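What follows is a single structure, written as structure tokens, with notes after it.
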Amino acid sequence: MWKVLGNWVDRYFGEEEAVLLTMLLVIALVVVVTMGEILAPFIAALIFAFLLQGGINHLIKWKVPRIVAVILVFLVFVGVFLAILVVLFPLIGRQAANLAGEIPSMVKHWQDVLLLLPEQYPHLISEDQLKDLLKQASGEVAGMAERLVSFSVSTFPSLLVLVIYLVLVPLLVFFLLKDKDELLDLMSGLLPQERPVMWQIWHEMNIQMANYVRGKAIEILVVGLTSYITFLILGLNYAALLALLVGLSVVIPYIGAVVVTIPVTVVAYFQWGWSGDLFWLVLIYGVIQALDGNVLVPLLFSEAVNLHPIAIILAVLVFGGLWGFWGVFFAIPLATLVKALYNAWPRTDMPVSVSE
């Protein structure tokens, strides 16, 4: 057994670069797990810098000096950031509060509808059974609401933390963009001169991560804005809040679109009932989702690594469970990183002896 284990270690960790890669991965994992909350502003700034670097590259291709391109892109970022903070967040907050106030009446309506079932289908369910089910459901809903309130209160950032984010994140974004080359040179100076496997993984992941982050941000913006305009034209209540949910749903492949359909349909039903307006909303919403999956996604992610749907779902479950929203957002790039590490990992081929 020890001989087999030793051969395996020699094969996969017999080269210096393999040992160094293992140490870097372990250190990165420990830092993220133990200091994730402390480094959250830096991680957020790094994500925004990834998003903005594409715009800088385009301006440089148009013969704009790099420092000018950085300043222009950064000013656009700050303007959008302030617009979201001043306009979008208060609007969504008001709509969320109004929707929360209507939830009791929605629950009461469904209870009244369900209480009619024993009269219409007495052979399927009795009145006592239905009351027991409603009692259990009410208890679960109350428990979920209590957990949601306690979660919101415990995780709502203080004013000081909010100010730190508003000041620190844009400042970090600016220096990450301005000093990108110097920072990359500094990091590479800490590594060995000969590192072909690391260069291969870095080159692949730099392209894939940048394309994915920018593409996913564009997808969220396009789907959310299209949904918002559609909801406004149809006169749907809570248009901004629901459009935000629809836009964020594209972060979770295969599952998000199905899950977010429920609140959109429920709000539309309580506003219009079984009417033509509800039919048109469901139809147009289905068209938006179809165009997103069959036109926008192939257009934005044409260079995406081919991952099996099972691998994508497992990545969403694992990384989402570890790091919440950002784990879900980066599930596909992280799964791609695992695949790139597996494909590029240095191996020492061991001769296989066959005994007669």
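Each value in this text was obtained by applying a stated rule to the coordinates, not by laboratory testing. Keep in mind that what you see is a predicted model, and the values were worked out from it rather than measured. Cβ placement follows ideal geometry from the backbone for every residue including glycine, while neighbour counts extend to all protein chains displayed.
Placing dummy labels 7 Å off each Cα toward the beta-carbon, the span from M35 to L75 is 3.6 nm.
Which of the pairs K63/K339; K216/K339; K180/K216; K180/K339 have their Cα atoms more than 28 Å apart in this structure? The partial results should precede the final answer.
On the way: K63/K339 37 Å; K216/K339 20 Å; K180/K216 22 Å; K180/K339 26 Å.
The answer is K63/K339.
In straight-distance terms, cross-link reach from K135 covers every one of the lysines whose alpha-carbon lies under 27 Å from its own, apart from those fewer than eight places away in the same chain; here that gives K108.
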